[in-house]
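> Let me give you the structure first, and then I'll get to my questions.
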Amino acid sequence: MKREQYIPFDKEFLLDLQIAERASDKKDTEDFKKMFDILEHYFHYEAFNLIRNLKQNYSAFDPDLNRTERAAYNGKSDLSIFKKTLLTVLERGNYNLVDKEVLDEAFKNSDLIGLKIGIDFDDFKEYGLYVRGHNKSTEKLTKYFFWKKETTFEYYDRVMIYLKYNDTSYFEENKINISKLPFEPGCIVLKIFKRVPKNDLETIFPNAVPKMSLIDKLLLWVPGFGGGISLLSAKVIPALIAMYTTYKAGNSLNSGNSKTALTQGLLALGILCGYLFRQYNNFVNKKIKFSKMLSDSLYFKNLGNNSGAFYSLLNSSEEEELKETILAYAFLNKSKQSLTAEELDLQIESWFKTYLNTELDFDVEDALYKLKNIGLGYETNGKWEVIPLNKALIRIDEIWDGIFDYNQNQ
């Protein structure tokens, strides 16, 4: 699997590991905790400004607001600004856009439900799936009644789906009854899910409809047509013709041959119908399983919808920003010499591999940019250093105080 920039560990857990390495120096440990705390507040303030921007520019497209409320934001909500801000938040949270090839593969395969899913993409003006945390898991799935088989599948820790529905004019032009649509034309739907199988990504689309696969159709119709026609032509119809001929001739219908042939034909036809019913019932059971899976996803796996999704996204975004910044500072601070970006990147990635058995692609460029922007790190001839902890505390305290430093003379 491709290495990700997403750091799959809680910020407090990483802080404890860094503190453990400084345990011999109590003053150093306390200063490091203080810096972590102030940086956390700083990134939280940045997230507050982002969420205010997102909510204002989303309100005109929010399906959770009624039409009157949405109309009040016409001219105030800017779609281009909303999309740009949303992408910034997703990038900071180390989310990646799902390639079309990955989604196409999900339509071809299914890890958990074994169903073909149909989605009407014409409903959407644009859509996108953003994921992070690519992992593998093994589960036991029931196969052929009571037999269970272990299946290994890939899944994503987090998946966000972005859907921009077509405007009212599109549905009117295509003579679609708008009053019967289960969504508001022109709205933007956002949903965040956890632990979604890679090959079942299509199931999180709200208009996903289960369909019979080619194998389901063949198992249902081929025996039906082939066996049915064969039994009718070889057993049932000849027996009926013979009985009808006997009746027309005025003879008794007690002849055993015709009745026996008819009974055998009808019995075989009944067995065939039973087989067809079983095959169709298998498909119905898959649909029920699909419905249950959707219910579980909505109830247990859904982390946020529409404007409510912003809080989940921004929380993960500020956590990733904080983790990257604090790790870059910690490794530069304990290094006895200045480091190039490549050397710092290698040290941090090697530390994750050695101590946490995790391979990731640490976003060193973004981490160094934040250190420089805050004033905690600086570059000299391609090599990076950070200011000492005591000076770092003074620096970020000045930044925090300056956020609310309004000049009354202006």
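We did not get these values from a lab; they are worked out from the coordinates using the rules stated. Please read these numbers as outputs of a predicted model, since none were measured by experiment. FYI the Cβ positions are ideal-geometry reconstructions off the backbone, even for glycines, and counts take in every protein chain you see.
> With the Cα gyration tensor of region 1-108 in hand, convert its eigenvalues to equivalent ellipsoid semi-axes via √(5λ) and list them largest first in whole Å.
The three semi-axes for region 1-108 are 38, 24, 10 Å.
> Considering only Cα-Cα distances, which of the following residue pairs are longer than 19 Å: LYS84/LYS323; LYS198/LYS323; LYS2/LYS353; LYS11/LYS391?
LYS84/LYS323; LYS198/LYS323; LYS11/LYS391
> Here is a follow-up. What's the ranking of 349-360, 175-186 by average number of surrounding C-beta atoms within 10 Å, highest first?
Peptide ranking by packing, descending: 349-360, 175-186.
> In debye, nearest 20, what is the charge dipole magnitude of region 61-210 about its Cα centre with +1 on Lys and Arg Cβ and -1 on Asp and Glu Cβ, if you could check?
Dipole of region 61-210, to the nearest 20 debye: 540 debye.
> For every other residue with a beta carbon closer than 11 angstrom to the beta carbon of LYS353, add +1 if it is Lys or Arg and -1 if Asp or Glu, then tell me the sum.
-1
> Order of 380-389, 192-201, 313-322 by packing, highest average Cβ count within 10 Å first?
313-322, 192-201, 380-389
> Still on this structure: What does the net charge come to around GLU12 if you take all other residues with beta carbon closer than 12 Å to its beta carbon, with K and R at +1 and D and E at -1?
-2
> Report the rotationally averaged projected area of region 61-210 based on its alpha-carbon convex hull, in square nanometres.
Result: a mean projected hull area of 11.1 nm².
> Might you report the magnitude of the Cβ-based charge dipole of region 316-355 about its Cα centre, with Lys and Arg at +1 and Asp and Glu at -1, to the nearest 20 debye?
Here the size comes out at about 360 debye.
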